[in-house]
Amino acid sequence: MLDDDLDVYIREREGVAIIDLIGDVTTFAEEKITNAYNEVSRKGARNILLNFRQNDYINSAGIAILIGIVTEVNRNNQRLAMSGLSQHFQKIFRMVGLAQYVDIYQDEDEAIQGFTAAMA
Amino acid sequence: MYDPSISSSIDLSIPSELGYERVVREAVASFAHRLGFATERVEDLKTAVSEACLNAIEHGNAQTPGLRVDVTCVWDGSGLTVCVQDQGLKPYSGHVTPGIEQRLRGDAPPRGLGLYLITQLVDACGFEPSPGGGNVLYMCMRRCPRA
């Protein structure tokens with residue numbers, strides 16, 4: 001088996017729940033990402049940032065997981081943003097339409113500024 | 001000295017097991033780099049090839065142990081054609097599923113974006129008949145980006 005290697009960490013910064021996704025985002029990532037989202041939601045997060053790092057491989061199964069998160073975010077009236085994506089995956093996310101529903105930032109600092117501006 | 005103006009090819013065969021698409025992805029990327037493809041084109045090709053292999057593993061071969069996915073990459077001097085063949089346990093309709101709006105509304109399953117991505121990332125693609133049965137998806141990419 002060639003299981004994918006994804007590490008998921010949760011932290012908080014300036015009122016934003018940050019979920020760090022380090023590694024590959026594929027079908028194997030579903031449980032880790034969903035659990036992280038559920039955990040920050042249980043703690044009352046309104047603003048959530050999926051912070052991608054060193055993601056060499058995000059496939060359509062991984063994108064499907066993210067679409068599921070967007071669905072939940074909309075249902076729960078939360079705000080979701082993404083940062084740290086490579087230029088290629090930013091293009092892919094625009095291609096599939098995810099960028100219409102999620103603010104995509106170059107990096108974490110820019111995303112935090114975006115959340116702060118939206119909250120002001 | 002390697003001369004990319006002459007034709008050349010590579011053949012790969014992988015098990016129908018999730019994760020092996022990454023092996024093909026890296027091999028095809030390495031081949032394309034060697035042929036002088038720009039980095040952005042290689043990234044597009046990597047994603048397209050991964051998705052084609054994923055479809056073959058999950059759909060065409062239904063992740064059946066013992067069934068193989070065969071990949072051929074042929075360079076003709078100006079472009080690369082990658083063919084991904086499965087055993088055709090489930091035939092493809094070639095239908096590209098709808099966009100994200102339907103998925104967010106729950107009117108379409110979240111999966112199934114692979115074929116759509118492939119159509120967007122390569123210069124030409126489609127299914128071709130296979131004498132021995134099975135699905136054969138071909139993808140063509142020229143070395144120079146589209147204008």
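The values are calculated or read from the model by the stated rules, or taken from the named source; none is laboratory data. Predicted model, so just to flag it, every value in this text is computed and none were measured. Note: ideal-geometry Cβ built from the backbone for every residue, glycine included; neighbour counts use all protein chains shown.
Hey, could you check the stretch B:21-30 for residues that are away from chain A (no Cβ under 11 Å) and either small (Gly, Ala, Ser) or surrounded by fewer than 23 Cβ atoms within 10 Å (Cβ to Cβ) (or both) and say which is farthest from residue B:69 (Cα to Cα)?
So the residue we want is B:30.
Scanning for something of a type in the set (Phe, Trp, Tyr), away from chain B (no Cβ under 14 Å) and either buried (at least 23 other Cβ atoms within 10 Å of the Cβ) or not in a helix (DSSP H, G or I) (or both), does the stretch A:36-43 turn up at least one residue?
Yes, the stretch A:36-43 contains at least one residue that is of a type in the set (Phe, Trp, Tyr), away from chain B (no Cβ under 14 Å) and either buried (at least 23 other Cβ atoms within 10 Å of the Cβ) or not in a helix (DSSP H, G or I) (or both).
Per-residue answers, yes or no, for (1) crowded, with 17+ Cβ neighbours inside 10 Å; (2) in contact (Cβ under 8 Å) with a residue 60 or more places away in the chain; (3) polar (S, T, N, Q); (4) not in a loop (DSSP other than H, G, I, E, B):
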position: B:44; (1), (2), (3), (4): yes, yes, no, yes
position: B:47; (1), (2), (3), (4): yes, yes, yes, yes
position: B:56; (1), (2), (3), (4): yes, yes, no, yes
position: B:65; (1), (2), (3), (4): no, no, no, no
position: B:70; (1), (2), (3), (4): no, no, no, yes
position: B:82; (1), (2), (3), (4): yes, no, no, yes
position: B:107; (1), (2), (3), (4): no, no, no, no
position: B:132; (1), (2), (3), (4): no, no, no, no
position: B:139; (1), (2), (3), (4): yes, yes, no, yes
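Given the options B:117, B:80, B:67, name the one that is more than 14 Å from every other protein chain (Cβ to nearest Cβ), under 24 Å from residue B:18 (Cα atoms) and out of contact with any His (no Cβ under 7 Å at 6 or more places or on another chain).
After applying the criteria, what remains is B:67.
Restricting to the stretch B:31-41, give me the number of residues that are within 14 Å of chain A (Cβ to nearest Cβ) and free of Cβ contacts under 8 Å to residues at least 40 places away in the same chain.
Adding up the residues that qualify gives 1.
Looking only at the stretch A:87-120, filter to residues that are among the small types (Gly, Ala, Ser) and at pLDDT below 95; which one of those is surrounded by the fewest Cβ atoms within 10 Å (Cβ to Cβ)?
A:120
Taking residue B:108 as the residue in question, decide whether it is in contact with a strand residue (DSSP E or B) (Cβ under 9 Å, 6 or more places away or on another chain), within 13 Å of chain A (Cβ to nearest Cβ) and either at pLDDT below 95 or within 25 Å of residue A:92 (Cα to Cα) (or both).
Considered against the rule, which asks whether it is in contact with a strand residue (DSSP E or B) (Cβ under 9 Å, 6 or more places away or on another chain), within 13 Å of chain A (Cβ to nearest Cβ) and either at pLDDT below 95 or within 25 Å of residue A:92 (Cα to Cα) (or both), residue B:108 comes out as no.
I need the full set of residues from the stretch A:53-108 which are more than 26 Å from residue B:21 (Cα to Cα), in contact with a strand residue (DSSP E or B) (Cβ under 7 Å, 6 or more places away or on another chain), more than 7 Å from every other protein chain (Cβ to nearest Cβ) and assigned to a helix (DSSP H, G or I), in order please.
A:73, A:108
With the requirement that a residue be surrounded by fewer than 19 Cβ atoms within 10 Å (Cβ to Cβ) and within 17 Å of residue B:32 (Cβ to Cβ), what does the stretch B:113-130 give you?
Of everything in the stretch B:113-130, those that are surrounded by fewer than 19 Cβ atoms within 10 Å (Cβ to Cβ) and within 17 Å of residue B:32 (Cβ to Cβ) turn out to be B:123, B:124.
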